[in-house]
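Please read the structure below before turning to the comments.
The values are calculated or read from the model by the stated rules, or taken from the named source; none is laboratory data. Please read these numbers as outputs of a predicted model, since none were measured by experiment. With ideal geometry, Cβ positions are generated from the backbone for all residues, glycine too; neighbour counts draw on all protein chains shown. Keep in mind that these areas ignore ligands, DNA and RNA; they rest on the heavy atoms of the full protein, side chains included. Shrake-Rupley method; radii C 1.70, N 1.55, O 1.52, S 1.80 Å.
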Amino acid sequence: MRTRGKVKGLRQTEVLVIGGGPAGLSASLEAASLGCQVTLVDSDLALGGQLIKQTHKFFGSKDERAGTRGFKISEILLEELERYKDRVKVHMNCTATGFYREDGVVSCVIGEDEYFRIKPGKIVMATGAQERLLPFPNNHLPGVYGAGAVQTLMNVYGVAPGKRVLMVGAGNIGLIVSYQLMQAGVEIAGIVEAMDRVGGYWVHAAKVRRMGVPIYLRHTIKEALGDRVVAGAVIQEIDDRFQPVGKEIQIDVDIICMAVGLTPTCELLWQAGCEMVFVPQLCGHVAQRDLFMRTSHPDIWVAGDAAGIEEASAAMVEGRIAGVGVARSLGKDDSSEHSKRLEEYRRRLADLRGGEVGQKICQGLECCTVNEWGV
Amino acid sequence: MNEKERLFNSGVLVEPRKGAVEPPEDLWQNKKNGLVIIECPQRIPCNPCHTSCPTGAVKPFKDINDQPEIDYEKCTGCARCVAVCPGLACFVVDLTWGDEDNALMKLPYEMLPVPEEGKTVDCLNRVGESISRGKVVKVLEPMHDRTIVVHVEVPRSKVMEIRTIRVVK
């Protein structure tokens, strides 16, 4: 058999963190600060996950760096990581491709041709989320984007995706990306939202409304128009059962941007045989977890969007909790330090989830949280 | 869903409510440098308006999700919260500014181009309609974080409608 690329021997690490977004970075930092040797892998070319695209100021309290723009928060976490560089080994452009249940080995590929196997003592799965998309006629046309791609083009590469945009979805992502598009000089023709109110924070909606952007509540996109590329969109009002009613509205746009939600990335958790449960409030299948974010697999923790779709501020705290959980199970540092930190992080999470949007998250968490796994 | 609800549910304030109240009229009339108006009617986990307030005018939050409450006796119109609020939901209105037909608004602004002092701008209401012209008096960047606080002279009769500006090209 011809082998492409390099295959190396089995590597070892105390802790493997998969995903270098807000949750994975926080888990790595926390575990390292308690004395763990960490290997952090991320499939992107830069650490920070979605934070590096977030040009808006974050909500929350001082603890979550409220008032600081997302990409700045990423920079702060990376500075902190620099302090632990002797304990955290980072692999960029590195995808964890599989978990092998029989021996607990994780396979990874760097780029397209360097393959390695690693045997971690403990794993934190911080694999984030994937965008959902909507089916509608002509949604294959160039010019139909997911909001994540639009943000990457705009805020990472400095490329405006088009001139005039229809945003589909008025959750926080749809509202924030609309605002950022306007900052980049792109016109927003309108935002359609299937529900009878915006799903994101009211203040984010107010920001775009006062700049003249219409938000069509109880509307959906019916089809994209255009021959070779998007030249317009048809939207229509929907009733209580999401059936189209009323007259169709045609809107001239060259971009249709979908911000209709995310779903947890959980393939590796399935592969590992973690107990999974479908929780609509958390936007998909998630792993059952205890209060330390440990899954039913004794060596696997989960944090961030992979554990249920939520704000980055909550992902960072969950990552910290998972980091403490991992260190505790490895017998690192003293347990009074663990307890002190856990108490603090749990208080912060409870604060973050105390609002209108947080209620839904709490309902969801009740369906997938156990106090502690039986030993 | 009536028209008022539809507007509110899409991010437009239609009447005062908890977390979005008007300052007391008698105090406001003669308060040099103005008083803050905060339009933050939804419970969300956020408190920089309180933690950044140098005089304690934005009262302490029992729960970080509470809507802001203001002790107007303490507000000095300094506009620190205008610069800090991640939701761009704070606005200062100084009714003592200029002659009796004018007022000064201190508004958050994050668009390009940056407004220039002395220039005329469009004043927009909560749904983006241009309802008057205003004159840019001062352009500040208090936190050095690209959020501008623009001081704009506007018609006094429109201060409860104007919520942002647009640079006239």
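Considering each residue of the range B:1-55, count those that are β-branched (Val, Ile, Thr) and more than 12 Å from every other protein chain (Cβ to nearest Cβ), and give that number.
Qualifying residue count, the range B:1-55: 4.
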- Name the residues in the range B:41-50 that are out of contact with any helix residue (DSSP H, G or I) (no Cβ under 6 Å at 6 or more places or on another chain) and open to solvent by 30 Å² or more (accessible area, probe 1.4 Å), would you? B:His50
- Query: List, please: which pairs have Cβ atoms under 6 Å, are six or more places apart or on different chains, and start with a residue in the range B:98-125 that is within 14 Å of chain A (Cβ to nearest Cβ) and over 10 Å from B:His151 (Cα atoms) and end with one that is open to solvent by less than 10 Å² (accessible area, probe 1.4 Å) and small (Gly, Ala, Ser)?
  - Reply: B:Val121/B:Gly134; B:Cys123/B:Gly134
- Query: Using beta carbons and a limit of 6 Å, which pairs, at least six apart or on different chains, have the first residue in the range A:158-177 and closer than 20 Å to A:Gln250 by Cα and the second one modelled with pLDDT of 95 or more and among the polar types (S, T, N, Q)?
  - Reply: A:Met167/A:Ser178
- Within the range A:194-225, how many residues turn out to be in contact (Cβ under 8 Å) with a residue 24 or more places away in the chain, under 20 Å from B:Asn65 (Cα atoms) and open to solvent by 20 Å² or more (accessible area, probe 1.4 Å)? 1
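For residues that are free of Cβ contacts under 8 Å to residues at least 60 places away in the same chain and either closer than 21 Å to A:Cys283 by Cβ or of a type in the set (D, E, K, R) (or both), scanning just the range A:101-146, find the one that is least open to solvent (accessible area, probe 1.4 Å). Write out each step before concluding.
Taking the range A:101-146 and keeping what is free of Cβ contacts under 8 Å to residues at least 60 places away in the same chain, we get A:102-103, A:107, A:109-111, A:135, A:140.
Keeping just the survivors that are either closer than 21 Å to A:Cys283 by Cβ or of a type in the set (D, E, K, R) (or both) gives A:102-103, A:135.
Numbers: A:Glu102: 149, A:Asp103: 66, A:Pro135: 114 Å².
So the residue we want is A:Asp103.
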- Using the structure shown, decide if A:Val234 is more than 30 Å from A:Cys368 (Cβ to Cβ), outside any helix (DSSP H, G or I) and either open to solvent by less than 60 Å² (accessible area, probe 1.4 Å) or out of contact with any helix residue (DSSP H, G or I) (no Cβ under 9 Å at 6 or more places or on another chain) (or both). yes
- If only one of A:Ala322, A:Ala327, A:Ala312 is within 13 Å of the chain's Cα centre (by Cα) and buried (at least 20 other Cβ atoms within 10 Å of the Cβ), which one is it? A:Ala312
- For the subset of the range A:342-363 comprising residues that are surrounded by fewer than 20 Cβ atoms within 10 Å (Cβ to Cβ) and away from chain B (no Cβ under 14 Å), which member is farthest from B:Pro41 (Cα to Cα)? A:Leu342
- Query: Which condition breaks for A:Glu248 when tested against (1) in a loop (DSSP other than H, G, I, E, B); (2) open to solvent by 40 Å² or more (accessible area, probe 1.4 Å); (3) not basic (Lys, Arg)?
  - Reply: (1)
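Name the single residue that is nearest to the other protein chains (Cβ to nearest Cβ) among those in the range A:213-230 being of a type in the set (Val, Ile, Thr) and not in a loop (DSSP other than H, G, I, E, B).
Filtering first and then ranking leaves A:Ile215.
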- Message: When the residues of the range A:55-83 are narrowed to those that are open to solvent by 40 Å² or more (accessible area, probe 1.4 Å) and of a type in the set (A, V, I, L, M), which ends up farthest from A:Ala184 (Cα to Cα)?
- Response: A:Leu78
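For residues in the range A:289-309 being touching a Lys or Arg at 6+ places or on another chain (Cβ under 8 Å) and open to solvent by 40 Å² or more (accessible area, probe 1.4 Å), which is modelled with the highest pLDDT?
A:Asp299
Can you find a residue that is outside the structural domain of A:Thr152 (by TED's automatic domain parsing), closer than 30 Å to B:Ile148 by Cα and open to solvent by 30 Å² or more (accessible area, probe 1.4 Å) anywhere in the range A:22-37? Can you show your working first?
Step one: list which residues in the range A:22-37 are outside the structural domain of A:Thr152 (by TED's automatic domain parsing), which gives A:22-37.
Narrowing further to those that are closer than 30 Å to B:Ile148 by Cα: A:22.
Still in the list and also open to solvent by 30 Å² or more (accessible area, probe 1.4 Å): none.
No: the range A:22-37 contains no residue that is outside the structural domain of A:Thr152 (by TED's automatic domain parsing), closer than 30 Å to B:Ile148 by Cα and open to solvent by 30 Å² or more (accessible area, probe 1.4 Å).
Within the group B:Arg133, B:Arg80, B:Arg163, which residue is within 13 Å of another protein chain (Cβ to nearest Cβ), in contact with a Ser or Thr (Cβ under 6 Å, 6 or more places away or on another chain) and either under 30 Å from A:Pro214 (Cβ atoms) or open to solvent by 30 Å² or more (accessible area, probe 1.4 Å) (or both)?
Criteria check complete, one pass: B:Arg80.
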